[in-house]
Amino acid sequence: MISQLSSAAHFVRNNDWPTILAHVNSRDAHPLIQFIKYGICGLGAFITHQVIWLALSLWAFPSIDPEIPKEVRALNTTISNSIAVLFSTAVAYVTNILWVFKSGRHSRLVEIASFFGIGVISFGGGLLAGPYLIQMFGIDTRLAQVSMAVTSVLINFVCRKFFIFKH
């Protein structure tokens, strides 16, 4: 890891801004830069997910109000998350394919199915943890939501980088 950081710092010191920006926008970017770009795309997907989840949790499947029984909050936040993940995964796929990873390891259909499949698996792990944390420990719904997001990000990056896209 230290050698990766040293290599990135060396590159920045020895190049001008146009060269650095061209490298950042390249899909062959340094692994650290690629992870940062993945994080930026992930932030867009995360915001998409949270906005949809919040809207659904406030108006369609109420789960924010602490007055709502925890069993209902857990079920409703699961429903809201299950809907939101479809939209956030679509945002993640489009931004990742345009800016972060190289397509072509698999056919487009297999690539999309794998991308969504891995997203559903990682989301599922985080999703199982959220209602469990709400029901068993009575934690705040928003804190359970953060735990789901962290779990998903870690699993998604590794699987997408090494199993779906070319590197």
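The values are calculated or read from the model by the stated rules, or taken from the named source; none is laboratory data. Predicted model only: the values in this text are computed from it and were never measured. Note: ideal-geometry Cβ built from the backbone for every residue, glycine included; neighbour counts use all protein chains shown.
Observations on the structure shown:
- Residues of the range 36-89 that turn out to be within 30 Å of His23 (Cα to Cα) and either in contact with a helix residue (DSSP H, G or I) (Cβ under 7 Å, 6 or more places away or on another chain) or outside any helix (DSSP H, G or I) (or both), as a count: 12
- The residue that is nearest to Ile97 (Cα to Cα), among those in the range 1-26 that are modelled with pLDDT under 85 and loosely packed, with under 10 Cβ neighbours inside 10 Å, is Met1.
- From the list Val110, Val85, Val51, the lone residue that is of a type outside the set (D, E, K, R), within 13 Å of the chain's Cα centre (by Cα) and closer than 24 Å to Asn156 by Cβ is Val85.
- Filter result (surrounded by fewer than 20 Cβ atoms within 10 Å (Cβ to Cβ) and among the β-branched types (Val, Ile, Thr)) within the range 150-167: Val150, Thr151, Val153, Ile155, Val158
- The range 66-100, subset among the small types (Gly, Ala, Ser) and in contact (Cβ under 8 Å) with a residue 60 or more places away in the chain, residue farthest from Ile47 (Cα to Cα): Ala74
- Here the condition is being closer than 16 Å to Phe46 by Cα and either buried (at least 18 other Cβ atoms within 10 Å of the Cβ) or in contact (Cβ under 8 Å) with a residue 40 or more places away in the chain (or both); of Ser103, Ser122, Ser147, it holds for Ser122 alone.
- Residue in the range 5-41 that is nearest to Ser88 (Cα to Cα), counting only those that are of a type in the set (D, E, K, R) and out of contact with any Phe, Trp or Tyr (no Cβ under 7 Å at 6 or more places or on another chain): Asp28
- Yes/no for Ile139 being part of a loop (DSSP other than H, G, I, E, B), out of contact with any Gly (no Cβ under 6 Å at 6 or more places or on another chain) and within 21 Å of Pro69 (Cα to Cα): yes
- Matching entry among Ile118, Ile112 (being modelled with pLDDT of 90 or more and of a type outside the set (Ser, Thr, Tyr)): Ile112
- Condition met for Leu98 (loosely packed, with under 14 Cβ neighbours inside 10 Å and over 27 Å from Leu75 (Cα atoms)): yes
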